[in-house]
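Data block below; observations after.
The values are calculated or read from the model by the stated rules, or taken from the named source; none is laboratory data. Since this is a predicted model, take the numbers as computed values, not measurements. Note that we place each Cβ from the backbone using ideal geometry, even for glycine, and neighbour counts take in every protein chain shown.
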Amino acid sequence: MNSYTRTPVNTVWFSVLMAALFGALTFPGAQATNAVFAVSIAALYVSYAIPIVARFVFENDFKPGPFNLGVFVGPLPLSSLALGVGADNISAEFTHWLHRVAFMTFMTIIFMFPTSPGANVTSLTYTVVVLGGVHLHGTTSLCMGACIDSLDQCQT
């Protein structure tokens, strides 16, 4: 963290470097460009959906931080009110977030398909393979970290 700006400057520069490397993948051709865009969009939707799901599935004491949209959260609350959802035992906030996660899931699935009909080995984007590998690596790292932490606690 930069003490003057209170921002993660090194992380930002790392992101710039990674974006430049991914940008270099567009030089080989349209297929590589489609793969980069499909993986980026699918990963972005997944990264947005994970904290939303975690908030409602697991027990927590969530309090909005200084950077929140408040009442300007978007048009989806209006659509859910128009559809008449959010009554009785299901809170309106939960149904609004449920609609967002459903949309993100749908779009992630759409971006896993090839961009043209009649796909073959050369026209596939392999988004599912790359995204699956990232999730497998992340889950394995998380589980291994939890195992190491629990071993450390047992030894102390």
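Key figures for this structure:
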| read-out | value |
| --- | --- |
| Inter-residue pairs, beta-carbon under 9 Å, first more than 18 Å from F37 (Cβ to Cβ) and in the stretch 120-138, second part of a helix (DSSP H, G or I) and of a type outside the set (S, T, N, Q), 6+ apart | H135/V46 |
| Single residue of F103, F113 found to be loosely packed, with under 14 Cβ neighbours inside 10 Å and aromatic (F, W, Y) | F103 |
| Within the stretch 130-156, tally of residues that are part of a helix (DSSP H, G or I) and at pLDDT below 80 | 11 |
| Any pair with Cβ under 9 angstrom, 6 or more apart, that starts in the stretch 8-22 at a residue that is within 15 Å of V36 (Cα to Cα) and ends at one that is surrounded by 10 or more Cβ atoms within 10 Å (Cβ to Cβ) | F22/V36; F22/V39; F22/S40 |
| Residue in the stretch 78-87 that is modelled with pLDDT under 70, surrounded by 11 or more Cβ atoms within 10 Å (Cβ to Cβ) and closer than 22 Å to A43 by Cα present | no |
| Number of the exception - R55 against (1) surrounded by 12 or more Cβ atoms within 10 Å (Cβ to Cβ); (2) in a loop (DSSP other than H, G, I, E, B); (3) modelled with pLDDT of 75 or more | (2) |
| Residue count for the stretch 3-30, restricted to those that are among the polar types (S, T, N, Q), surrounded by fewer than 11 Cβ atoms within 10 Å (Cβ to Cβ) and part of a helix (DSSP H, G or I) | 2 |
